[in-house]
Amino acid sequence: MYERYLFSSTNLKAKATKFIDRAQWQWLADASYEDCIDWLKTTWYKPIVDQEPETAFQQMLLDELSFLSRNLEETYLKLLVWDGWFHALKYKREGLKNPLVIFAEKMQWQFEKEILKTLEQVWFSRTPVAELRIDVLNLNVSFEYESALKSENIRSFWRLRNQLLLLKLILRCKTLNLPCDELNRFEWFKTKDLIARPVEDWPSLVPPQLKDPLLRMIEGKDVDLVIRAELYRFAQRAFKTIVSGPEVLVYYFYHKLWEIEDLMSLLECKKNNVPKQVWQERMLKLNV
């Protein structure tokens, strides 16, 4: 295992030096829209300013997945393709075929292809109930993936992701008074008890590692940032110190995914003159 991933791990650790540090993120937060554009043109994020958002996002992920597919075992690659596609939904335009779906088809992942088709059909109805169905389908697939992951570190990372997404869904159901019976089947913690009890009782019903992020969700913090921050901290602890292995490739993929999302959000907010205090608290590197 160590030897299989040695070359790609070394390569990616070198590429990881191109990630944006906190000081540069602060500069981007303070800079004008035009200065941000000029700076990004000098980096490996140049496609963000050269293409439409959905095209840039999907193409950059596809490029990374194509590179990772040379070495990464199929079990982990499927996980990244699935989650990458799920993140790409927010940039989806009707009638535009997602390159990640094409990638999955080339890999002959029939089961995932059918799930993707179902999700796309649900997505375009754009209602709270439809969005809940998307997230439930995501958890169904994610639950199946978890048991197939051989790496204990990656399995723990994926389980944490799933637990945090489930907390997000239960809280959304409670807040919007949506039916959440479908969530009872996910037993990462005392799901039925959370659904039955008032929100203020929840912190005593979840595992210790989920208490702090849950409290931040309940307090009204940006839920997606809470989830990304917890996963980022976990990856920093569990993946970053590993010399060679699938963890290095997974860590690299998520680090770049989150950075692309934040850069696209930052540019959109600056372009539309959204006040800094509104969006700055959603930027990962400025809040961890």
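The values are calculated or read from the model by the stated rules, or taken from the named source; none is laboratory data. Quantities reported herein were computed from a predicted structural model and do not represent experimental measurements. Here Cβ is always computed from backbone atoms with ideal geometry, including for glycine, and neighbour counts include all displayed protein chains.
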Restricting attention to segment 269-288, the residues that are assigned to a helix (DSSP H, G or I), over 19 Å from the mean Cα position of the chain (by Cα) and modelled with pLDDT of 90 or more number exactly 4
Before we move on, is Glu247 at pLDDT 95 or above and closer than 30 Å to Lys78 by Cβ? no
Out of the residues in segment 234-258 that are surrounded by fewer than 18 Cβ atoms within 10 Å (Cβ to Cβ) and of a type in the set (D, E, K, R), state the one that is farthest from Phe157 (Cα to Cα). Lys240
Scan segment 177-205 and report the pairs whose first residue is under 19 Å from Arg133 (Cα atoms) and acidic (Asp, Glu) and whose second residue is at pLDDT 80 or above and in a helix (DSSP H, G or I), with Cβ atoms within less than 7 Å and a gap of 6+ or a chain change. Glu182/Val136
Report the residue count in segment 35-54 for those that are without any contact (Cβ under 8 Å) to a residue 24 or more places away in the chain and over 15 Å from Glu268 (Cβ atoms). 8
Given the residues Ile48, Ile20, Ile37, which is the only one that is within 27 Å of Val274 (Cβ to Cβ), part of a loop (DSSP other than H, G, I, E, B) and of a type in the set (A, V, I, L, M)? Ile20
Whether any residue in segment 182-203 is crowded, with 19+ Cβ neighbours inside 10 Å and more than 29 Å from Lys150 (Cα to Cα) is what I want to check. yes
Picking from Leu266, Leu286, which residue would you name as being surrounded by fewer than 20 Cβ atoms within 10 Å (Cβ to Cβ), hydrophobic (A, V, I, L, M, F, W, C) and closer than 15 Å to Asp30 by Cβ? Leu286
So which helices (runs of 4 or more DSSP H) stay within segment 136-253 end to end and still have 1 or more residues that are within 20 Å of the chain's Cα centre (by Cα)? 152-176, 208-218, 223-238
How about segment 44-68: which of its residues are in contact with a Phe, Trp or Tyr (Cβ under 7 Å, 6 or more places away or on another chain) and hydrophobic (A, V, I, L, M, F, W, C)? Phe57, Leu62, Leu65, Leu68
Which listed residue, of Leu6, Leu80, is in a helix (DSSP H, G or I), closer than 24 Å to Ser244 by Cα, touching a Ser or Thr at 6+ places or on another chain (Cβ under 7 Å) and touching a residue at least 12 places away in the same chain (Cβ under 8 Å): Leu6
